[in-house]
Amino acid sequence: SFIGEESVAAGQGSILTDNPTWIIDPIDGTTNFVHRFPFVAVSIGFVVNKKIEFGIVYSCVEDKMYTARKGKGAFCNGQKLQVSGQQDITKSLLVTELGSNRDPEAIKIILSNMERLLSIPIHG
């Protein structure tokens, strides 16, 4: 099976089944792309039985290839990545995306989530 982000965003439905499925977003960061903001990537995932097996993200402008495989770790240009040991959320940097859905109910949920996150004393 195949799920493309642009077709879903255009209103075509998609159902994730147990079948092997490619999930592809050829312009991940469409808003950035449209506004010539240089953070755009090609994102590809492969799912079997509704569980991710591997993913690849190519950050075009940075020329960085991120890869990850279930049980094998994550890499950037072949170099192993690891999460920080930071456990204090007040020392974290929060990055979020509002999305493109402007449906009033979706906006209400997004803003409610943002309010909860912003009540934590985080850096940004």
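The values are calculated or read from the model by the stated rules, or taken from the named source; none is laboratory data. As the structure is a computational prediction, the values presented were derived from the model and not from experiment. Cβ sites come from the backbone with ideal geometry, for glycine too, and all protein chains shown count toward neighbours. The area values use the complete protein model at the heavy-atom level, side chains included, leaving out ligands, DNA and RNA. Shrake-Rupley method; radii C 1.70, N 1.55, O 1.52, S 1.80 Å.
Between a first residue in segment 49-66 that is over 16 Å from Phe33 (Cβ atoms) and of a type in the set (Asp, Glu) and a second residue that is open to solvent by less than 80 Å² (accessible area, probe 1.4 Å) and assigned to a strand (DSSP E or B), which pairs have beta carbons less than 6 Å apart while being 6 or more apart in sequence or on different chains? Hits for this filter: Glu53/Phe46. Hey, among the residues in segment 83-101 that are of a type in the set (S, T, N, Q) and closer than 17 Å to Ser119 by Cβ, which one's least open to solvent (accessible area, probe 1.4 Å)? Residue satisfying both the conditions and the ranking: Ser92.
Once segment 58-85 is narrowed to residues that are of a type in the set (D, E, K, R) and either over 17 Å from the mean Cα position of the chain (by Cα) or at pLDDT below 95 (or both), the residue that is farthest from Thr30 (Cα to Cα) is Lys72.
Looking only at segment 79-124, which residues are among the hydrophobic types (A, V, I, L, M, F, W, C) and under 25 Å from Val34 (Cβ atoms)? Steps first, please.
Step one: list which residues in segment 79-124 are among the hydrophobic types (A, V, I, L, M, F, W, C), which gives 81, 83, 89, 93-95, 98, 106-107, 109-111, 114, 117-118, 120, 122.
Listed by number, the residues that qualify are Leu94, Val95, Leu98, Ala106, Ile107, Ile109, Ile110, Leu111, Met114.
Looking at this structure, is Val34 within 24 Å of Ile3 (Cα to Cα), in contact with a Pro (Cβ under 8 Å, 6 or more places away or on another chain) and either surrounded by fewer than 12 Cβ atoms within 10 Å (Cβ to Cβ) or at pLDDT 90 or above (or both)? In short, no.
Taking Ser100 as meeting all but one of (1) touching a residue at least 24 places away in the same chain (Cβ under 8 Å); (2) under 26 Å from Val47 (Cα atoms); (3) not in a loop (DSSP other than H, G, I, E, B), write down the number of the exception. Against the list (1) touching a residue at least 24 places away in the same chain (Cβ under 8 Å); (2) under 26 Å from Val47 (Cα atoms); (3) not in a loop (DSSP other than H, G, I, E, B), Ser100 comes up short only on (3). Scanning segment 59-78 for residues that are loosely packed, with under 12 Cβ neighbours inside 10 Å and either of a type in the set (Lys, Arg) or not in a strand (DSSP E or B) (or both) returns Asp63, Gly71, Lys72, Asn77, Gly78.
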